[in-house]
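Throughout, read-outs are computed from the coordinates displayed, never taken from laboratory work. Everything numeric in this text was worked out from a predicted model, so none of it was measured. Cβ sites come from the backbone with ideal geometry, for glycine too, and all protein chains shown count toward neighbours.
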Amino acid sequence: MDIAILSRGPQLYSTQSLYKAGRTRGHNMSIIDHTLCNLVIEDGHPEIYYEGQPIRHFDAVIPRIGASVTQQGAAVITHFELMNVFTAARANALLLGRDKLRCLQQLQRQGLSTPKTVALGQHADLWSAVNALDGFPVVIKLLEGTHGIGVILCDGMQQTESTVEAFQRLKERVIMQEFIKESSGTDIRALVVAGEVVAAMKRQAQEGEFRSNLHRGASASPEKLTQAEVNIVVRAAKAVGLSIAGVDLLRSERGPLVMEVNASPGLEGIETITGINVAARIIQFIEKKVRERRRAQAKLR
């Protein structure tokens, strides 16, 4: 098969892991910078040009879209969909996963528990928002932040007001969430591929830090999920429409809470910590889906 990885960073661990896994399984692998694609819209003949040449030969693409170019990346994915190329993440699912508020709304719609959240409007009554979350401390988050960027723990109203005002002056949308004290700076990252949890790790924030992102110096260890947690993780990925997803859980006194669903989860931390070749599982999933599509198309001929 001919498989393309949509990535701006050809040397990034996740991109290289997928590239090597595909090559190991005998596929022709390419890395395409989606920000350099020209999209041609013509009745019945959508095309993508890259480095001056039309792209016409791929069986599948694996999107690795950074948060800073979400809209542009989603447009490229949509064009591949129009060209009847299998995409490991659909454009609509990528957009839904990137918007924390819409993602939480979808999880709620599917009956999944999440941290208490208030979406703040302009000139919001912050006292009522804090009271809705049972008081301080509260967590302020950018709606489209990643790697813990734009996530701030606020212990009082003065800090809360200055943080919200600063973000809103920058025209950033923000949400306020309850702080789950009993999690003690830990969370669970689980990788889902084709409706199955293939790897999971527990992340522990470093001392003096509440964010458990590995990019923030957190430590990690392999973790075995309970069956209830497995079911929640799989349901969360499905709710957002993702066949491949990183799902973040918080263990709270009222049970597991889904914190986030990531459409382009990093592979370095979880593959290194667990020793599981997640990239290979992703390639196997793509093989299966492409074969299914070929059989379906053959029946229509």
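Summing +1 for each Lys or Arg and -1 for each Asp or Glu among the other residues whose beta-carbon sits under 10 angstrom from that of ALA67 gives 0.
Rounded, prolate or oblate: which one fits the range 182-263, using the alpha carbon gyration tensor with axes a ≥ b ≥ c (rounded when a/c is under 1.5, else prolate when a/b beats b/c, else oblate)? Prolate.
At an R0 of 22 angstrom, the distance between the Cβ atoms of ARG102 and LEU170 translates into a FRET efficiency of 0.60. Out of all DSSP beta bridges with both ends in the range 2-89, state the antiparallel percent to the nearest 5. Given both bridge residues lie in the range 2-89, the antiparallel proportion sits at roughly 35 percent. Using the Cβ-Cβ distance between ILE41 and MET157 with R0 set to 51 Å, the FRET efficiency from 1/(1 + (r/R0)^6) comes to roughly 0.50.
For the range 33-183, the antiparallel share of DSSP beta bridges with both residues in that region comes to about 90%. Partner lysines whose Cα lies under 19 Å from the Cα of LYS238, excluding those fewer than 8 positions away in the same chain, are identified as LYS100, LYS288, LYS289. Summarising the label geometry, the points placed 7 Å from Cα in the beta-carbon direction at GLU51 and ALA75 lie 2.2 nm from one another.
Of all DSSP beta bridges confined to the chain, the antiparallel ones make up roughly 80%. Estimated purely from DSSP H runs of n ≥ 4, each contributing -39500 (n - 2.57), the mean residue ellipticity at 222 nm for the chain is -11000 deg cm²/dmol once divided by its residues. Between GLU144 and ASN131, the simple spin-label model (points 7 angstrom out along Cα→Cβ) gives 3.4 nm.
Residue by residue, the range 16-28 carries 3J(HN,Hα) couplings of 5, 5, 5, 4, 5, 5, x, 4, 4, 8, x, 9, 7 Hz when phi is fed to the Karplus relation 6.51 cos²θ - 1.76 cosθ + 1.60 (θ = phi - 60°); x denotes Gly or Pro. Which angle between 0 and 90 degrees, to the nearest 10, do you get for helix 278-300 versus the longest principal axis of the chain when only C-alpha atoms count? Roughly 50 degrees between the two axes. Axis of helix 227-240 versus longest Cα principal axis of the chain: the two differ by about 70°, to the nearest ten degrees. Taking other C-beta atoms within 10 Å as the exposure proxy, VAL61, VAL230 rank VAL230, VAL61 from fewest upward. Full extension of the segment from SER221 to GLU253, taken as 0.36 nm per residue of separation minus the current Cα-Cα distance, would add 9.3 nm. Judged by the ratio a/c of the largest to the smallest principal axis of the C-alpha gyration tensor, the range 37-195 counts as prolate, that ratio being 1.5 or greater while a/b is larger than b/c. Once the Cα atoms are used to define both axes, helix 100-109 deviates from the longest principal axis of the chain by about 90 degrees. Treating r as the C-beta distance of SER184 and HIS123 and R0 as 35 Å, the FRET efficiency rounds to 0.50.
Panel order for HIS57, HIS34, HIS79, by other beta carbons found within 10 Å of each beta carbon, from fewest to most: HIS57, HIS79, HIS34.
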